[in-house]
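Please read the structure below before turning to the comments.
The values are calculated or read from the model by the stated rules, or taken from the named source; none is laboratory data. Given the structure is predicted, the values throughout are model-derived calculations rather than measurements. Please note: Cβ atoms are built from the backbone with ideal geometry, for glycine as well, and neighbour counts cover all protein chains shown. These area figures cover heavy atoms from the full protein model, side chains too; ligands, DNA and RNA do not enter into them. Shrake-Rupley method; radii C 1.70, N 1.55, O 1.52, S 1.80 Å.
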Amino acid sequence: MKALAKTGAENQTADSSIHLIIHGSSNQLCVDSRDIAKEFGRQHKNVLQTLDDLLADGTLSRLESKPRNYQKLGREYRCFELNEAGFLKAMPFIGGRKSREGQKRLVDEFLRVRRQLDRQAKERESLAYQVARLSGKDSRGILADAIQQFADYARSQGSQNAERYFANITRTVYKALLIIEPQATEIRELLTAVQLKTLELAELTAAQTLTEGMENQQPYKAIYQAVKAALDGIVGARVKILGG
């Protein structure tokens, strides 16, 4: 799959360590307060204090800034996810030794990803995309059924974590095909028609491998490894969910 050409400015932001987050089918773009702190050259605790103050005086709304928690070294810490409007409102108040550079890089990244989302939205209007989307629903359902049967099968063989296989196998299918950058909560909504068809093949391959392994009464751990090997065999170079 041919990579999209990028301008020099886009290459500069694409090579950065900024990780925007795409939420839901509405494709809402967000940025983590930890990335803001890093790009602006401020300590994260100071960025949190600024955001707390902006929320307290009404400059930011709860719709524009969502509290989140993350784990580090076994401890839980808080952060925020700001959408585009929230970031633009908060940006002048963040400060920091790299504030001007950080503002430019983050705004450029929001604009770059938004352009890619707009290109994807135009493709979703095509007949080819609609056909691929409907076909993909069938393959997703087939894989979901196979994973449920496999979880029951693993449980019968003594697995204590069988309920995790749905997420683990789904993640394995995606990782075999895609570089998921930016992060996204609704990955299928961001794929092209070609990517959807490749994903369909990967899902059906995983489902078939699970079914055959259970029919042959193989150990559940061996079946799981066989799924990963089968996916490695059918998928070539991974592509990005946007711009791949």
Review point. Looking at region 196-224, which of the residues that are within 14 Å of LYS137 (Cα to Cα), touching a residue at least 60 places away in the same chain (Cβ under 8 Å) and not hydrophobic (A, V, I, L, M, F, W, C) is least open to solvent (accessible area, probe 1.4 Å)?
Key: GLU203
Exercise for review: Identify all residues within region 165-195 that are open to solvent by less than 30 Å² (accessible area, probe 1.4 Å) and over 19 Å from GLY233 (Cβ atoms); write none if there are none.
Suggested key: TYR165, PRO182, ALA184, ILE187, ARG188, LEU190, LEU191, THR192, ALA193
**Study point:** Matching residues in region 139-174 - criterion: being free of Cβ contacts under 8 Å to residues at least 12 places away in the same chain and among the charged types (D, E, K, R)
**Key:** ASP152, ARG155, ARG164, ARG171
